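No lab work stands behind these numbers, since they all come straight from the coordinates. Because the structure is a prediction, the values reported are computed rather than measured. Using ideal geometry, Cβ is built from the backbone for each residue, glycine included, and neighbour counts are taken over all protein chains shown.
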């Protein structure tokens, strides 16, 4: 009898110990700190990973704080300078301001992520997730299609400088179009008509659901991939290829005409064609497009792997790295303008001299051009 009692006691102790161990394991898994009533936010894929160490959360908060400050300062200056400077109030520069506004929308969600990182979970749960993902969706999709519009504008301006320039009314229409372009794949998952917004990675950020294993989710992800990434990318590549073809054709015509006139070059300087204001602005636009590709392609690849590939490759840390890249492009864009845009540099030199930016004046450029012309004439 005593043996039976002892055996029962031992069995109970073992069961209790097993329960405690199981509880400890669960508490150390990702999503353990989310209340039971909100556990449906966490996809089963993330429950297979240990909870992220608080060091990584704090590190992410630090990175996003620096990105937020950089984005707010850089894009704020872009909007201020381009909106208030008469020399920069052109239809083409309206698209630059529009891109800066989309980048500022991305910045708005960063304080939420910083707070999430300190609490190590999504504050506001489903509502907080929806707000965060909506801002990210509007900013990401809007920036993509705005890059396509900028490529179209650069192509029209450089290939048809006399009658091909976009006027301000047309620019406003195109800008309104870019904001409408963001609506379908923002409103549909927000209202859960098609797709939904869910936490990702460290469970402190949100994006559209790409892990639910059903045909409806797969079709949704394929459509948003085409809408927000493939279509803008194809348009950008098409317009820039047309632009470069037009530039090469123009340079060829100049060389042939110079040959007929028995001069070395029709330009005052052999490098003038490549250093003209419009060409420099086109280079700025292409640089921003290149940054966009580098920032959003890894995120697009992760999304497609989550939907159609091997999800075991997607750990919380792996998925957060492309997300940081995607956010960083909104902070880099304005500084690219400062480095390369000639008129913008001139305004920065005049209004913010403490930044140390120097742009050669028109008189200096004219003097250099005259000197080059005289030199070329003497050689001839």
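Among 32-42, 146-156, sorting by the average number of other beta carbon atoms lying within 10 angstrom of each residue, highest first, gives 146-156, 32-42. Relative to the current alpha-carbon distance between residue 349 and residue 252, full extension at 0.36 nm per residue lengthens the span by 31.3 nm. Dividing the Cα radius of gyration of the range 105-202 by 2.2 N^0.38 Å, with N the residue count, gives 1.42. Each principal axis of the range 21-180 carries a Cα extent, and these read 76, 27, 24 Å when sorted largest first.
For the range 38-83, the calculated P(r), taken from all Cα-Cα distances in 10 Å bins from zero up to the bin holding the longest distance, is 21, 26, 25, 18, 10, 0 percent. For a Förster distance of 25 Å, can you work out the FRET efficiency between the beta-carbons of residue 310 and residue 38, rounded to the nearest 0.05? That pair, residue 310 with residue 38, gives E of 0.30.
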